[in-house]
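In what follows, a single structure is set out as structure tokens and then discussed.
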Amino acid sequence: MSEPEGSPTATGAHQRTPGAPELAAAAGVFALLADPTRLHLVWLLTRGESDVTALAAACGAARPAVSQHLAKLRLGGLVQHRKDGRRVVYTLPDGHMRRLVVEAISHADHQVTGEPWHD
């Protein structure tokens, strides 16, 4: 099966059949993203870096709850953080996570709206 022109494809090691360690790691990613608030936070980070206060406001959750969710995502390696004065700014570490979340939300949008599926 060929990929549509212009779509990102896996290269090198990413094309081989996954073993038990890769499958377990991927399942861990999905487990962390299974919480709607955590998924919303990661989706917000696909749009650019942000601090806890802005993320809490954008997702409508309490700041302490957002901090706890971000801590879980950070421990799972799904997000990174850096200090900017007194603020803690969060980012996504790689394009894989960005594409995974955008595609999952796009898939859900088709399910919710009934828009036809496409490649």
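Miscellaneous remarks
- The stretch 85-117 residues near the modelled Ala34 label - backbone nitrogen below 18 Å, point 7 Å along Cα→Cβ: 101, 104-105
- Size of electric dipole in the stretch 43-119: Cβ of Lys, Arg +1 and of Asp, Glu -1, about Cα centre, debye, nearest 20: 580
- Accessible area per residue for the stretch 69-119, computed on protein heavy atoms with a 1.4 Å probe, is 71 Å².
- Beyond 19 Å, the tail of the calculated P(r) for the stretch 30-91 holds 17 percent of the Cα pairs.
- Between Ala20 and Ile105, the simple spin-label model (points 7 angstrom out along Cα→Cβ) gives 3.6 nm.
- Here the contact order of the chain, divided by its residue count and restricted to Cα pairs under 8 Å and six or more residues apart, works out to 23 percent.
- A dipole drawn for the stretch 28-95 from +1 and -1 charges on Cβ atoms has a positive end, and of Leu44, Gly85, Leu32 the residue lying farthest that way is Gly85.
- Between the stretch 15-34 and the stretch 55-94, the C-alpha centres lie 22 angstrom from each other.
- Unit charges at the beta carbon, dipole of the chain: most positive-side option, Thr17, Leu73, Val112: Leu73
- Under the Karplus curve 6.51 cos²θ - 1.76 cosθ + 1.60, θ = phi - 60°, whole-Hz ³J(HN,Hα) for the stretch 84-96, x wherever Gly or Pro sits: 10, x, 8, 7, 10, 10, 10, 9, 8, x, 7, x, 4
- Across the alpha-carbon set of the chain, the Rg to Rh ratio works out to 1.01, Rh being the Kirkwood radius.
- Largest to smallest accessible area among Asp84, Asp51 [probe 1.4 Å]: Asp84, Asp51
- Overall, the accessible surface of the stretch 53-119 at a probe of 1.4 angstrom is composed of carbon and sulfur to the extent of 53 percent.
- Area accessible to solvent at Arg63, 1.4 Å probe radius, in Å²: 130
- Under 5 Å, built H, 5+ apart or other chain: amide partners of Ser50: Tyr90
The values are calculated or read from the model by the stated rules, or taken from the named source; none is laboratory data. Keep in mind that what you see is a predicted model, and the values were worked out from it rather than measured. With ideal geometry, Cβ positions are generated from the backbone for all residues, glycine too; neighbour counts draw on all protein chains shown. Accessible surface is based on the protein model in full, side chains and every heavy atom, while ligands, DNA and RNA are left aside. Shrake-Rupley method; radii C 1.70, N 1.55, O 1.52, S 1.80 Å.
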